[in-house]
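The values are calculated or read from the model by the stated rules, or taken from the named source; none is laboratory data. The model shown is predicted, which means the values in this text are computed figures rather than measured ones. Backbone-built Cβ (ideal geometry, glycine too); neighbour counts: all protein chains shown.
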Amino acid sequence: MAEVLKGKPVADAIKAELTKKVGDLKAKGIAPKLGIIRVGARPDDLFYEGGAKKTCIAVGMDSQVFEYPENIDQAAFEAAVIEVGAKKDVNGILMFSPLPKHLDERKIRTLIPVEKDVDCLTLGGAAKVFTDDATGFPPCTPTACMEMLHHYGITLKGKRCVVVGRSMVVGKPLSMLLLREHGTVTICHSRTQDLPGVCREAEILIAAVGRAKMINADFVKPGQIVIDVGINADPDNPGKYCGDVDFASVEPVVEKITPVPAGVGSVTTSVLCKQTIMACELQNG
Ligand code: NAP
């Protein structure tokens, strides 16, 4: 039986640390605030927004949602993003993506000030992450994976890490964070040859594929640590969701594994608040 690495203790520890930090900042007259930009009302966005607002309340920081209609035009939305970005009281910005197809998302992302880019939406923010600049913020999910590893005392130095997935939201930035901590990193994708064989070579295997239960017992071996980033509709349980890892077949084999739900996903809003507070501290010298 593997040790199941749950996200809640990690999120609770981060929130306790942030509550103290927000208290210290408020004592100096500084109130960190998260700005959330949302176009339309997709259920996934609303769900995440609800979680983010709840976490902000839990740690004593402010948040404000800037909501725009689904049919907002490019010029109006550009002006809106510039206005939110210029707000002195907003320290960190989360903008839900993808934006509706009629909007030029690439251009709009450039309008977010890099120093407020707490979810790595801008090229400047990504450049900081990829050049190990500590003033840059990785997307919240890769940071949540690192928080999980740190919390459970899993060190990376010299370890063989295999990341399945190369998106700019998870796989690539996560690989940079693993590398920063001296992991030996292999990045896999849809054209990787013998993916199960490559995954079996890992000491730490991270699945960020977006395919329900794809990583099964063929991909693992005893002694491994498996981090499952996936959030997919569960084909076997309508209305529920599952990871990229087939937990039932992998858990009996490996040493440690994160569950879905209640794993990495439970840590992301705490990371969002943490990065906003860090941005606030940097903005206030
Ligand atoms: P994505 O943009 O669709 O990228 C998926 C990656 O997996 C791509 O690099 C793709 O390779 C690779 N891939 C797809 N099928 C594959 C296969 N059969 N074999 C090997 N590689 C394959 O997804 P994402 O945004 O990175 O998200 C990944 C997962 O994490 C999803 O389940 C998503 O829901 C979840 N997620 C979770 C959180 C959270 O808070 N926990 C946040 C964001 C995302 P190519 O590049 O070759 O196409």
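A search for C-beta distances below 6 Å between a residue of the stretch 30-47 that is closer than 11 Å to P98 by Cβ and any residue that is in a strand (DSSP E or B) and modelled with pLDDT of 95 or more, counting only pairs 6+ apart in sequence or on different chains, returns V39/Y68; D45/R38. Scanning the stretch 259-284 for residues that are out of contact with any helix residue (DSSP H, G or I) (no Cβ under 6 Å at 6 or more places or on another chain) and within 13 Å of the ligand (Cβ to nearest atom) turns up P259, V260, P261, A262, G263, G265. Of all residues in the stretch 140-147, none satisfies being outside any helix (DSSP H, G or I), within 14 Å of the ligand (Cβ to nearest atom), modelled with pLDDT of 95 or more and of a type in the set (A, V, I, L, M, F, W, C). Cβ-Cβ under 6 Å, sequence separation 6+ or interchain: first residue in the stretch 218-238 and modelled with pLDDT of 95 or more, partner within 13 Å of the ligand (Cβ to nearest atom) and of a type in the set (S, T, N, Q). Which pairs? Taking only residues 6 or more apart or on different chains, the pairs are I227/T258; D228/T258. For the stretch 197-210, the set of residues classified as within 11 Å of the ligand (Cβ to nearest atom) and farther than 17 Å from G243 by Cα consists of V198 only. So, D89, is that one more than 16 Å from the ligand (Cβ to nearest atom), acidic (D, E), at pLDDT 95 or above and over 18 Å from the mean Cα position of the chain (by Cα) or not? Spelling it out, D89 is indeed more than 16 Å from the ligand (Cβ to nearest atom), acidic (D, E), at pLDDT 95 or above and over 18 Å from the mean Cα position of the chain (by Cα). Can you pull out every residue in the stretch 58-79 that is hydrophobic (A, V, I, L, M, F, W, C) and closer than 18 Å to V118 by Cα? Selection gives V59, M61, V65, F66.
Go through the stretch 171-196 and give me each residue that's over 23 Å from A262 (Cα atoms), within 16 Å of the ligand (Cβ to nearest atom) and not aliphatic (A, V, I, L, M). Steps first, answer last, please.
Step one: list which residues in the stretch 171-196 are over 23 Å from A262 (Cα atoms), which gives 172, 176, 179-196.
From what is left, the residues that are within 16 Å of the ligand (Cβ to nearest atom) are 172, 176, 185-196.
Within the stretch 171-196, K172, T186, C188, H189, S190, R191, T192, Q193, D194, P196 meet the criteria.
I need the full set of residues from the stretch 95-115 which are in contact with a Lys or Arg (Cβ under 9 Å, 6 or more places away or on another chain) and closer than 16 Å to L272 by Cβ, in order please. M95, F96, S97 - these are the residues of the stretch 95-115 that are in contact with a Lys or Arg (Cβ under 9 Å, 6 or more places away or on another chain) and closer than 16 Å to L272 by Cβ. Is it the case that the stretch 202-216 has a residue that's touching a residue at least 12 places away in the same chain (Cβ under 8 Å), in contact with a Cys (Cβ under 9 Å, 6 or more places away or on another chain) and not aliphatic (A, V, I, L, M)? Taking every residue of the stretch 202-216 in turn, at least one turns out to be touching a residue at least 12 places away in the same chain (Cβ under 8 Å), in contact with a Cys (Cβ under 9 Å, 6 or more places away or on another chain) and not aliphatic (A, V, I, L, M). Take the residues in the stretch 148-170 that are within 9 Å of the ligand (Cβ to nearest atom), over 19 Å from G7 (Cα atoms) and crowded, with 23+ Cβ neighbours inside 10 Å; name whichever of them is nearest to the chain's Cα centre (by Cα). Among those residues, the one meeting the criterion is G165.
Applying a threshold of 7 Å to beta carbon distances and a minimum spacing of six or more residues, or different chains, the list of pairs starting in the stretch 257-283 at a residue that is closer than 13 Å to I227 by Cβ and ending at one that is of a type in the set (G, A, S) and more than 14 Å from the ligand (Cβ to nearest atom) reads I257/A2.
Quick check on this structure: which one of L195, L178 is surrounded by 15 or more Cβ atoms within 10 Å (Cβ to Cβ) and under 18 Å from the mean Cα position of the chain (by Cα)?
L178
Quick one: in the stretch 211-232, which of the residues that are over 25 Å from H150 (Cβ atoms) and near the ligand (Cβ under 10 Å from one of its atoms) is farthest from the chain's Cα centre (by Cα)? This residue is M214. Annotation note: Cβ proximity below 9 Å between a residue of the stretch 184-195 that is not assigned by TED's automatic domain parsing to the domain that holds G171 and a residue that is of a type outside the set (K, R) and within 11 Å of the ligand (Cβ to nearest atom) (sequence gap 6+ or interchain) occurs for no pair.
Would you say E83 is surrounded by fewer than 16 Cβ atoms within 10 Å (Cβ to Cβ) and assigned to a loop (DSSP other than H, G, I, E, B)?
Against the criterion (surrounded by fewer than 16 Cβ atoms within 10 Å (Cβ to Cβ) and assigned to a loop (DSSP other than H, G, I, E, B)), E83 does not qualify.
For T135, are the conditions met, namely being of a type in the set (S, T, Y), over 19 Å from I277 (Cα atoms) and either surrounded by fewer than 17 Cβ atoms within 10 Å (Cβ to Cβ) or touching a Leu at 6+ places or on another chain (Cβ under 7 Å) (or both)? No, not satisfied.
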